[in-house]
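Sharing a structure with you now.
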Amino acid sequence: MDKFGKSQPVKRVEDVRFLTGQGRYVDDIAPQGTLRGVVFRAPVAHGVITGLDVSAAREAKGVRAVYTVDDLEAAGLNINMNATVVKNRDGTDGAAPRRPVLAKERMRFVGEPVAFVVADSMENARDAAELIELEYDDLDVKTDLGPGGPLVHPEAPENRAFDWGMGDEAATEAAFAKAARRVSLDVGDNRIICNAMEPRGCLAEWDGSRLHVALGAQGVWAHKAQIAQALNLDPEAVHVTIPDVGGGFGMKAFAYPEYFLCAHATRDLGTPVAWMSDRTEAMLSDNGGRDLTSLAEFAFDENNKITAYRVRTKCNLGAYNSQFGQPIQTQLFSRVLMGCYDVQTTWLQVEGYYTNTVQIDAYRGAGRPEAIYVLERLMDRAARELGVDPFELRRINFIKPDQFPYDTATGETYDVGDFARVMARGAAEADVAGFDARRAEDAGKGLMRGIGICYYIESILGDPSEGARVAFNEDGTVTIFVGTQSTGQGHETVYAGFLSDQTGIPADLIEVVQGDSDRIAKGGGTGGSRSVTVQNNATLAAVDVMTEAFKAFLADEMGVPAAEISFDDERFRAEGSNLTPTMLEVAEMARAAGREDLLSHEARAKLPARSFPNGCHISEVVIDPETGVTTVDRYCVVDDFGNLINPMLAEGQVHGGVVQGIGQAITEQVVYDTEGQLLTASFMDYALPRAGDIPHISFTSEPVPSTANIMGMKGCGEAGTVGALAAVANAVQDALWERGVRQADMPFTPHNVWELIRSEDIAAQ
């Protein structure tokens with residue numbers, strides 16, 4: 001048996017319960033008699049609260065409590081949520097405004113929580129919320145991205161949250177000064193909403209001394225710490241669990257006010273309290289993504305080799321700072337800023353601004369899509385202006401195989417790669433050679449066809465360490481406790497299969513336990529494509545601990561020194577002994593001998609370095625110039641994910657990511673009016689991609705095993721989205737280029753594309 005798995009396309013075991021309605025989500029687990037919470041939200045984007053009367057709501061039918069920020073403070077809560085402060089270029093701290101759980105004195109975005117109503121039913125809670133009387137003085141609203149305008153926070157003059165930079169600005173400027181050619185492009189990246197299949201929700205229970213909070217999230221430990229801090233509880237008095245989760249995308253990694261509100265309410269009332277978002281509420285209150293603009297520039301020498309790269313980005317933070325880690329446009333953006341190209345000097349400057357809109361934070365591969373989108377749109381523009389084939393321009397500038405390990409200008413070390421090989425495979429799989437014939441055929445029908453390429457790279461992010469515990473149960477089954485959290489990716493299948501491959505224990509006898517702060521002492525949760533690589537690395541460490549412990553036990557049973565006993569991933573063997581027990585059999589022998597200490601084994605392990613998934617996306621679009629309708633007609637992906645544990649799940653992750661990317665490129669866009677009201681607050685107005693918008697997505701694995709971990713894995717969770725944005729956008733730009741369109745930005749809705757074509761046609765007359 002192969003040491004690190006057979007790379008077999010095993011079907012997901014969890015799908016049986018999901019597809020038969022047996023999933024257990026937050027809204028399914030509330031016990032009888034649970035009270036329901038409703039959030040009364042700010043109706044305006046910016047205003048000073050002059051009066052808040054909740055007396056009528058408190059007297060309404062079925063109402064048990066109505067909480068305002070004054071009530072929370074009177075109860076001794078720490079009302080300010082966690083937030084990160086970013087360093088400015090000059091080393092000073094960026095702005096650090098506080099974000100209260102419930103609005104205090106001022107409202108800063110439509111949908112900000114103002115009061116929390118708890119009643120015996122959702123209907124009664126909603127009716128009571130209608131009785132709340134809120135008085136406020138309107139303030140001018142800030143929605144544009146840039147300095148100046150109405151102040152969102154007094155702590156942030158000009159609404160600038162931070163002015164952050166990295167790289168060598170002087171060397172980059174010098175390289176541009178002596179460049180043979182320069183190419184620049186303004187790149188817009190539209191704001192989008194996550195829209196997980198299951199909206200956010202939580203359930204809180206208080207037994208008189210201990211708090212239990214169940215929520216749909218991406219890890220329990222950050223929530224445990226923040227809830228304990230907010231309610232002034234000992235962390236050991238807080239138990240956080242996560243049931244089945246219907247989609248996370250990074251958006252569910254963060255704490256939200258409702259979790260603290262439910263926790264306080266159950267402790268105050270002594271009855272379980274649950275809250276569940278509806279779809280419009282989610283659109284108003286969930287952390288959003290993207291919403292930035294970048295001026296990107298290349299300096300080239302006379303051989304079309306990039307000598308320097310600089311980007312100046314303005315990003316929208318919404319009304320408040322990110323909760324933990326640097327905002328996406330700095331921490332994540334910088335790691336893959338250079339893509340797969342051999343560039344020796346770079347400068348990145350990011351200015352963050354506050355607006356009266358919901359918070360922008362990491363999700364849907366955030367940071368990686370932004371960086372790669374900017375880079376690959378600029379590569380496409382450079383190929384056009386230099387008159388070079390876009391595949392050839394990338395090939396010229398790729399980091400070559402003999403240059404690895406490669407230290408990037410942004411401080412990352414790429415361990416391995418063969419980018420030209422992967423791209424060549426992509427061109428073959430996509431039948432790039434046949435594109436001209438397809439374009440000519442469409443032109444004969446009055447249609448415009450374009451082709452776009454994106455070569456992306458991303459990195460595993462988050463905590464590189466993780467733990468695993470393997471326990472042998474009396475009924476002959478095995479439980480593996482993991483520190484990551486599935487939100488629909490198929491972790492139960494992957495982790496059970498991987499442990500089975502390493503131990504010979506049948507996968508159907510292995511149960512995966514996750515998302516329980518009592519049963520698992522520590523974990524990094526899920527995000528940044530870390531889960532499978534980091535968690536399986538920990539599983540290997542636990543298997544090593546278990547194997548050595550079992551060998552020591554078997555020394556007496558087999559009559560040979562432990563050092564002479566081997567394990568071949570199925571059975572223990574030794575010369576001179578007829579015993580060849582399996583892992584399960586050794587566990588039963590240990591149980592019979594009273595060795596309970598041998599029935600549970602755990603270990604923590606840390607990846608020695610990050611790995612870097614990469615790949616080539618090639619898209620073809622067809623545009624009807626009469627209507628502006630843009631159709632993604634062909635889509636091909638060739639990915640280097642290193643060694644794959646389950647190719648079927650990897651392909652599924654890629655398909656989902658590509659669909660998200662197509663959605664942003666073609667149909668999705670958040671729109672606020674000048675007063676900060678969200679105009680795209682339902683699926684009547686916010687256009688998720690539909691089945692008819694998506695072509696067949698070809699997926700091929702072209703692995704170059706990573707040297708950054710013993711398994712040779714690279715991760716794949718967000719790769720589809722990272723590559724899709726630029727591939728589709730470049731294809732649209734290609735189709736529009738012959739009509740004179742030189743600046744085409746997402747989303748490519750029929751109206752937007754029709755206007756681009758119409759404007760150029762009018763200009764040409």
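Can you tell which of G504, Q535, F572 lies farthest toward the positive end of the dipole of region 496-578, using +1 and -1 charges on the Cβ of basic and acidic side chains (Lys, Arg; Asp, Glu)?
About the Cα centre, the residue reaching furthest to the positive side is Q535.
A follow-up question, please. Just to be sure I understand: if I project the alpha-carbon convex hull of region 1-157 onto a plane and average over all orientations, what area do I get in nm²?
On the way: hull surface 70.3 nm².
Averaging across all directions leaves 17.6 nm² for the Cα convex hull.
Where the centre of each part is set by its Cα atoms, how far does region 83-125 sit from region 145-212, in angstrom?
Measuring centre to centre over Cα atoms gives 17 Å.
Specify, per residue and in Å³, the volume enclosed by the convex hull of the alpha carbon atoms belonging to region 646-715.
That works out to 145 Å³ per residue.
Follow-up. When 1/r is averaged over all different Cα pairs and the result inverted, which Kirkwood radius in Å belongs to region 191-251?
Roughly 12.5 Å, rounded to one decimal.
Same structure, new question: With +1 on each Lys and Arg Cβ and -1 on each Asp and Glu Cβ, and nothing else charged, work out how big the dipole of the chain is about its Cα centre, in Debye to the nearest 20.
860 debye
When only alpha-carbon atoms are used, what values of Rg and Dmax, in angstrom, describe region 616-765?
Cα only, region 616-765: 18.0, 63 Å (Rg, Dmax).
How do the peptides 438-446, 374-382, 33-41, 467-475 rank, highest first, by the average count of neighbouring beta carbon atoms within 10 Å per residue?
374-382, 33-41, 467-475, 438-446
So, one more: Please compare each pair in K87/K252; K224/K606; K87/K305 to a cut-off of 29 Å on the Cα-Cα distance and tell me which ones are over it.
In this structure, K87/K305 lie more than 29 Å apart at Cα.
Which of the helices in the chain, when you take each full DSSP H run, stretch at least 27 Å along the axis at their Cα atoms and have an average Kyte-Doolittle score of 0.0 or higher?
Long hydrophobic helices here: 531-558, 719-737.
Ok, one more. Using a 1.4 Å probe and counting only protein heavy atoms, arrange I762, I618 so the residue with the most accessible area comes first.
Reading off the accessible areas and sorting them downward yields I762, I618.
In addition: Taking K and R as +1 and D and E as -1, what net charge do the other residues with C-beta under 11 Å from the C-beta of S322 add up to? Spell out each step's value before the answer.
Working: positive: R99; negative: D361.
Taking every other residue near S322 into account, the sum is 0.
Shifting gears a bit: As an exercise, find the ratio Rg/Rh for region 574-633 from alpha-carbon atoms, using the Kirkwood inverse-distance average for Rh.
Values: Rg = 29.0 Å, Rh = 18.6 Å.
Result for region 574-633 is an Rg/Rh of 1.56.
Show me the three semi-axes of the equivalent ellipsoid for region 356-416, from the C-alpha gyration tensor (sqrt of 5 times each eigenvalue), largest first, rounded to whole Å.
Equivalent-ellipsoid dimensions as semi-axes: 27, 20, 8 Å.
Continuing with this model, one more query. For region 406-518, go through all pairs of different Cα atoms, get the mean of 1/r, take its inverse, and jot down that Kirkwood value in Å.
19.3 Å
Then there's this: How large is the Kirkwood hydrodynamic radius of region 164-304, counting all unique pairs of alpha carbons, in Å?
This gives a value of 18.5 Å.
Over the alpha-carbon set of region 147-205, divide Rg by the Kirkwood Rh and report the Rg/Rh ratio to two decimals.
Values: Rg = 21.0 Å, Rh = 17.5 Å.
On the Cα set of region 147-205, Rg over Rh gives 1.20.
Cross-link candidates for K11: which aspartates and glutamates have Cα within less than 14 Å, leaving aside residues fewer than 8 places away along the same chain?
Within the straight-line cut-off, K11 pairs with E492, D508, E651.
If I take all pairs of Cα atoms in region 581-697, what percentage of them are more than 17 Å from each other?
Details: 5005 of 6786 pairs.
When every Cα pair of region 581-697 is considered, 74 percent fall beyond 17 Å.
How long is the chain along each principal axis, judged by its Cα atoms, biggest number first, in Å?
91, 73, 52
Could you order peptides 127-138, 655-666 by the average number of other Cβ atoms within 10 Å of their residues, highest first?
With the highest mean Cβ count within 10 Å placed first, the list reads 655-666, 127-138.
Then there is this: Report the local net charge at R449: Lys and Arg +1, Asp and Glu -1, summed over other residues whose C-beta lies under 9 Å from its C-beta. Let's see the in-between values first.
Details: positive: R438, R439; negative: E441, D442, E620, D633, D734.
Neighbour charge sum, excluding R449 itself: -3.
Can you list the aspartates and glutamates whose alpha carbon is less than 18 Å from that of K61, not counting same-chain residues fewer than 8 positions off?
Cross-link targets: D53, D120, E123, D127, E130, E133.
Could you work out how much longer the chain between A763 and E392 gets when fully extended? Use 0.36 nm per residue separation minus the Cα distance between them, nm to one decimal.
Stretched fully, the A763-E392 segment lengthens by 130.3 nm.
Among 672-682, 544-554, 106-116, how do they line up by average Cβ neighbours within 10 Å per residue, starting with the highest?
On the way: 672-682: 16.0, 544-554: 18.8, 106-116: 24.6.
Descending packing order for the listed peptides: 106-116, 544-554, 672-682.
Return the Cα extents of region 516-601 along principal axes one, two and three, sorted largest first, each rounded to a whole Å.
49, 25, 17
Picking from A382, A437, F481, whose Cα lies most toward the positive end of the charge dipole for region 377-503 (charges on Cβ: Lys, Arg +1; Asp, Glu -1)?
The one lying farthest along the dipole's positive direction is A437.
Under Stokes-Einstein, with the Kirkwood radius over Cα pairs standing in for Rh, what whole-number D in µm²/s applies to region 279-320 at 25 °C and 0.890 mPa s?
182 µm²/s
Can you list the residues, at least 5 places off or on another chain, whose amide H is less than 5 Å from the amide H of V240, using H built in the peptide plane?
It is V213, S517, D518, by chain and number.
The values are calculated or read from the model by the stated rules, or taken from the named source; none is laboratory data. Predicted, not measured: the structure shown is a model, and the values here were computed from it. Note that each Cβ is placed from the backbone with ideal geometry, even for glycine, and that neighbours are counted across all protein chains shown. Just the protein is used for accessible areas: all its heavy atoms, side chains included, with ligands, DNA and RNA removed. Shrake-Rupley method; radii C 1.70, N 1.55, O 1.52, S 1.80 Å.
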